[in-house]
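The values are calculated or read from the model by the stated rules, or taken from the named source; none is laboratory data. Model, not experiment: these values are computed from the prediction. Using ideal geometry, Cβ is built from the backbone for each residue, glycine included, and neighbour counts are taken over all protein chains shown. Side chains included, ligands, DNA and RNA excluded: accessible areas come from the protein's heavy atoms. Shrake-Rupley method; radii C 1.70, N 1.55, O 1.52, S 1.80 Å.
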Amino acid sequence: MRAPSTDPLAGTQRLTTPGAWLKFAEWLYAEQDLALGQIATSAHDEALYLILHTLEIPMDSDESVLTQKLTTTQRSALTEVFRRRVVEHTPAAYITHEAWLNDLRFYVDERVLIPRSYFLEIIPEHLDVLLPKDTPITHVVDVCTGSGCLAILLAKHFPKALVDGVDLSPDALEVAKINVLTHKLTKRVTLHASDVFDAVPPVKYDLILSNPPYEPSAHCDALPQEFKNEPRLALDGGGDGLDIIRKLLRQSRDRLKPHGIVLIEVGGLGAAMDREFAKLKPQWLMTADGSNCVCLITAASLKHWRG
Ligand SMILES: C[S@@+](CC[C@H](N)C(=O)[O-])C[C@H]1O[C@@H](n2cnc3c(N)ncnc32)[C@H](O)[C@@H]1O
């Protein structure tokens with residue numbers, strides 16, 4: 001007697017339509033306990049995206065595309081994509097090499113964190129009220145830029161500003177360079193290889209923005225494989241998660257214009273920030289899902305701080 005197949009993708013040649021694939025993939029995500037949260041929060045949305053992307057069907061197509069007959073080549077292509085997603089736990093965005101922030105497409109691969117920052121909401125909705133209206137915004141910086149996505153969003157939001165993007169990882173900066181080129185922003189976005197501000201020329205900024213690594217190291221060890229497939233350097237904030245944030249705040253003191261602000265996304269470190277940086281009076285920005293994990297610190301409060 002033949003042993004039952006342990007290949008979770010065995011028999012997928014019998015799935016003859018995208019709709020059948022979608023149903024199967026949703027079942028597979030649950031059965032294999034796949035982690036979500038990098039580009040989508042439901043198995044349905046992520047699997048549908050992977051299916052349409054693989055078949056080169058536009059994302060805004062109507063449901064009738066789900067009943068079209070698949071060729072053998074298309075079925076094999078879907079099997080290979082879901083094999084990578086299910087067996088290797090490769091994040092969907094590393095398979096398609098793209099991540100979408102609103103209507104902007106960014107190239108991504110294993111060298112960078114998959115973009116999913118609250119700054120996507122904060123930049124268009126909060127920035128203009130947080131910065132002075134009567135002062136032109138000329139210099140802003142995205143520290144820990146990764147794929148460069150936030151530096152690019154900043155450049156688009158402040159069309160007259162010069163934007164610096166800083167990262168310690170030369171690999172991440174290669175990806176950021178691709179995105180800056182694709183978005184035609186090479187004249188205004190400059191990338192720097194630097195440990196926080198160590199190697200950045202001494203510019204004073206209106207805005208310092210950062211989505212740094214902030215997971216405590218022990219949390220990184222316990223992450224699902226999908227997140228472990230992202231660069232450890234992008235996630236690991238040291239023993240208590242605050243290593244990069246401490247350095248960023250210390251160095252920001254001399255990097256801000258008098259009206260300047262620092263905005264930092266800190267994940268679950270809100271209480272730790274309030275404790276350690278009470279003298280800096282962190283203010284927490286409201287985000288739509290109630291997470292409120294982005295804090296604002298002013299140049300005025302940093303000026304007298306001896307942290
Ligand atoms: C959480 S990712 C953020 C990437 C991107 N800003 C985003 O929101 O998608 C953090 C980034 O910080 C970089 N990084 C880690 N330590 C750093 C340091 N000491 N100085 C500068 N960048 C650092 C990592 O290489 C990674 O690209």
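Structural remarks
- Heavy-atom surface analysis with a 1.4 Å probe gives segment 126-213 a carbon and sulfur content of 60 percent of its accessible area.
- Projection of the Cα convex hull of segment 102-303, averaged over all directions and equal to a quarter of that hull's surface, yields 10.6 nm².
- Check: segment 205-307 dipole with +1 on Lys, Arg Cβ and -1 on Asp, Glu Cβ, in debye: 720
- Estimated FRET transfer efficiency (K69, K228; beta-carbon r; R0 41 Å; 0.05): 0.60
- Computed from the Cβ-Cβ distance with R0 of 25 Å, the FRET efficiency linking R83 to K177 stands at 0.20.
- FRET efficiency, E31 to R253 (Cβ-Cβ, R0 51 Å, nearest 0.05): 0.45
- DSSP-defined beta bridges in segment 102-303 - what % are antiparallel, rounded to 5: 30
- A convex hull fitted around the alpha carbon atoms of segment 12-96 yields 84 Å³ per residue.
- Segment 253-289 residues near the modelled L104 label - backbone nitrogen below 18 Å, point 7 Å along Cα→Cβ: 263-265
- Of all the options A47, A77, A92, the one that moves most in a Gaussian network model of the chain with Cα springs shorter than 10 angstrom is A77.
- Note on the chain: GNM, Cα springs under 10 Å; of S64, S42, S252, the largest mean-square fluctuation is that of S64.
- In Å², nearest 10: area of I152 left accessible to a 1.4 Å probe: 0
- Greater than 28 Å apart at Cα, pairs in K69/K228; K133/K281; K204/K247; K257/K281: K69/K228
- Counting protein heavy atoms only, segment 12-96 has 53 percent of its accessible area on carbon and sulfur, 1.4 angstrom probe.
- Our estimate of slack between D128 and D62, defined as 0.36 nm per intervening residue step minus the Cα-Cα distance, is 20.0 nm.
- Accessible surface computed residue by residue for the chain, with neighbouring protein chains in place and a 1.4 Å probe, gives 48 Å² per residue.
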